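Below you will find the structure I want to go over with you.
Only the coordinates and a few stated rules stand behind these numbers; no lab work does. These figures come from a predicted structure and were not determined experimentally. Cβ placement follows ideal geometry from the backbone for every residue including glycine, while neighbour counts extend to all protein chains displayed.
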Amino acid sequence: MGDKNNYYFDYLIKTQKFQQSIYHRAKHKITKEMIEATPKGGKILDAGCGAGDATSHFCSDYNVFGVDEQSEAIEYCKQHYQGNYTKCDLAQLPFSNEYFDVIVFHDTIEHLYHPKNVLRELCRVLKPGGKIVISTINYANPAWWILENTWHRIMGGNCRTFSQDVHPTRYTPKLLLEHGNTFFKLIEMRYEVVKMELFYIGTKS
């Protein structure tokens, strides 16, 4: 991940509030579907957990683990949630092989310079038959380019999505399928938020 210090953490806190929360509803819905289809007590990994809001609601019924490269994010999660949170390199996870039942990897992959290294590591720690959801911005959609260069330039604060340094890997459906299918078996591709957000849902065969 690019060394942007804590550039995005303030933005992540804002995503829990109106108006940003509208954009992220699909992410929470899909996460809920995947986790609740897993027997209670299962192990859930929130990779690039940020402010932890995607999985924190499940800490009482599941073993939720969150990892992030930013200390501020991990400290925030430890203070607010009951899960297990660790600062680490996403390409070098401190977990044994085939440890997790579900991996949630939201809005992180576009921030990586070498995303395949992280996907390889996520594959390593996912159980056979386990499921992963990867979400990212759809750079093939003109609606995103309009939003990025209007609202985000004026109201986005620290989240300067229009900067190549912030999103060094800009995903289209074709590229997300290519990277995802290198390590996982596709279950479904979803297009949400007027097709501005891509969701790759896969399993480890």
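Quick one: which residue in D68, D107 is in contact with a Lys or Arg (Cβ under 7 Å, 6 or more places away or on another chain) and within 24 Å of K29 (Cα to Cα)? I'd like the intermediate steps shown before the answer.
Numbers: D107 fails: in contact with a Lys or Arg (Cβ under 7 Å, 6 or more places away or on another chain).
The unique qualifying residue is D68.
Then there's this: For segment 84-94: of the residues being touching a residue at least 24 places away in the same chain (Cβ under 8 Å) and closer than 23 Å to I30 by Cβ, which is nearest to the chain's Cα centre (by Cα)?
Across segment 84-94, the extreme among qualifying residues is L90.
Out of all the residues in segment 26-80, which are surrounded by 22 or more Cβ atoms within 10 Å (Cβ to Cβ), in contact with a helix residue (DSSP H, G or I) (Cβ under 7 Å, 6 or more places away or on another chain) and assigned to a loop (DSSP other than H, G, I, E, B)?
C49, G50, A51, G52, A54, T55, listed by residue number.
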